[in-house]
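Chemist: This is the structure I have questions about; it appears just below.
The values are calculated or read from the model by the stated rules, or taken from the named source; none is laboratory data. Not measured: the values here are computed from a predicted model. As a convention, Cβ positions derive from the backbone with ideal geometry for all residues, glycine included, and neighbour counts pool all protein chains shown.
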Amino acid sequence: MTLRLATSADIPALQALITTSARGLSTTVYTPEQIDAAITHVFGVDTQLIADGTYFVIDGDDGSAPAPIAVGGWSARRTLFGGDQMKTDTDPRLDPATEPARIRAFFVHPQWARRGLARQLYATCERAARDAGFRAFELMATKPGEPLYAALGFAALEPVTVTLPGGVVVPFTRMGRVIDM
C-alpha cells in the first residue's frame, strides 16, 4: 500500500471510492434515502483540499493495478464538511493561533475497513497540521465515522442535523480534539 497526495487526475476514482464507502459502510446507521441524499448533496471530493496539498490517498493493489482504497485529509480552511457540490462561496483560511484545523472527507473502501488505514491517514494529517501551526482539530463525523474519531481522541461537541433537498434529514456529529504535540 502506498500513501500519497491526491491529484486532480484522481478525482473520478476518488468519487467512486467515496460512493462505494458510503454505500457499504453506512447501511446500519443511515437509511437508503439518507445515503443517496448524502452522496448527492454532501459526500464528494473537495477540490480545494487537492489544490492545497492536504488530501491524501492510500492505494492498494488488487493484482491488476493500484487503486485508491482509502482517502482523507485536513484543511486550513473554514469549510467543515462536504464536497464541491456544497460550496457556494470562497473558502477563507483559518488562523492557526485561534482556530482549529479541519479533518476532512475520510472514506475507506468497505473491503479494506478496520485495517488501520484511516488511522494512518489521520497520523499524516495530524503531523502536517501541527507543522502548519495548528493546535486543535474539528470535524463533522458521519454516524459510521463517530467510533473511529472517538478512538482517535475526538470528543463530541454537538449533534448536527442537516436537511437536504427533498426533505431528507441526515444526522452528523461535530467533534473536536487537541493535536498531540
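Chemist: Any chance you could count how many residues in the range 76-120 are more than 17 Å from the chain's Cα centre (by Cα) and under 19 Å from Ile179 (Cα atoms)?
Modeler: Number of matching residues: 7.
Chemist: Return only the number of the condition from (1) out of contact with any helix residue (DSSP H, G or I) (no Cβ under 7 Å at 6 or more places or on another chain); (2) surrounded by 21 or more Cβ atoms within 10 Å (Cβ to Cβ); (3) small (Gly, Ala, Ser) that Ala141 does not satisfy.
Modeler: Every listed condition holds for Ala141 apart from (1).
Chemist: Looking at the range 153-181 only, could you name the residues that are within 24 Å of Ala128 (Cβ to Cβ), of a type in the set (A, V, I, L, M), surrounded by 11 or more Cβ atoms within 10 Å (Cβ to Cβ) and in contact (Cβ under 8 Å) with a residue 24 or more places away in the chain?
Modeler: Met175, Val178, Ile179, listed by residue number.
Chemist: I would also like to ask the following. Taking only the range 102-158 into account, find how many residues are farther than 23 Å from Met86 by Cβ and among the hydroxyl-bearing types (Ser, Thr, Tyr).
Modeler: Selection size over the range 102-158: 1.
Chemist: Give the residue, chosen from Ala123, Ala129, that is over 13 Å from the mean Cα position of the chain (by Cα) and buried (at least 22 other Cβ atoms within 10 Å of the Cβ).
Modeler: Numbers: Ala123 fails: buried (at least 22 other Cβ atoms within 10 Å of the Cβ).
Sole residue among the options that is over 13 Å from the mean Cα position of the chain (by Cα) and buried (at least 22 other Cβ atoms within 10 Å of the Cβ): Ala129.
Chemist: Can you find even one residue in the range 122-136 that is of a type in the set (A, V, I, L, M, F, W, C), in contact (Cβ under 8 Å) with a residue 12 or more places away in the chain, touching a helix residue (DSSP H, G or I) at 6+ places or on another chain (Cβ under 8 Å) and assigned to a helix (DSSP H, G or I)?
Modeler: So in the range 122-136, the residues of a type in the set (A, V, I, L, M, F, W, C) come out as 123, 125, 128-129, 132, 134, 136.
Then drop every residue that is not in contact (Cβ under 8 Å) with a residue 12 or more places away in the chain, which leaves 125, 128-129, 132, 134, 136.
Okay, now just the ones that are also touching a helix residue (DSSP H, G or I) at 6+ places or on another chain (Cβ under 8 Å), so none.
No - not one qualifying residue is present in the range 122-136.
Chemist: Would you call Asp59 more than 20 Å from Phe172 (Cα to Cα), charged (D, E, K, R) and without any contact (Cβ under 8 Å) to a residue 40 or more places away in the chain?
Modeler: Values: more than 20 Å from Phe172 (Cα to Cα): yes; charged (D, E, K, R): yes; without any contact (Cβ under 8 Å) to a residue 40 or more places away in the chain: no.
Criteria not met by Asp59.
Chemist: Still on this structure: For residues in the range 55-86 being among the charged types (D, E, K, R) and under 16 Å from Ala16 (Cβ atoms), which is modelled with the lowest pLDDT?
Modeler: Going residue by residue through the range 55-86, those that are among the charged types (D, E, K, R) are 59, 61-62, 77-78, 84.
Now restrict to residues that are under 16 Å from Ala16 (Cβ atoms): 59, 62, 84.
Details: Asp59: 94, Asp62: 65, Asp84: 88.
Out of the qualifying residues, it is Asp62.
Chemist: Could you tell me whether any residue of the range 82-91 is charged (D, E, K, R), closer than 13 Å to Phe137 by Cβ and touching a residue at least 40 places away in the same chain (Cβ under 8 Å)? So that I can check it myself, show each step before the final result.
Modeler: Kept after step one, since they are charged (D, E, K, R), are these residues of the range 82-91: 84, 87, 89, 91.
Still in the list and also closer than 13 Å to Phe137 by Cβ: none.
Within the range 82-91, none of the residues are charged (D, E, K, R), closer than 13 Å to Phe137 by Cβ and touching a residue at least 40 places away in the same chain (Cβ under 8 Å).
Chemist: For Asp52, are the conditions met, namely being at pLDDT 95 or above and acidic (Asp, Glu)?
Modeler: Taking the combined requirement at face value, the residue satisfies it.
Chemist: Of (1) closer than 21 Å to Val29 by Cβ; (2) outside any strand (DSSP E or B); (3) within 15 Å of the chain's Cα centre (by Cα), Gly166 satisfies all except one. Which?
Modeler: (3)
Chemist: Pick out the one residue from Ala150, Ala113, Ala136 that is more than 20 Å from Thr79 (Cβ to Cβ), modelled with pLDDT of 95 or more, hydrophobic (A, V, I, L, M, F, W, C) and surrounded by fewer than 18 Cβ atoms within 10 Å (Cβ to Cβ).
Modeler: Working: Ala113 fails: modelled with pLDDT of 95 or more; Ala136 fails: more than 20 Å from Thr79 (Cβ to Cβ).
Residue meeting the stated conditions: Ala150.
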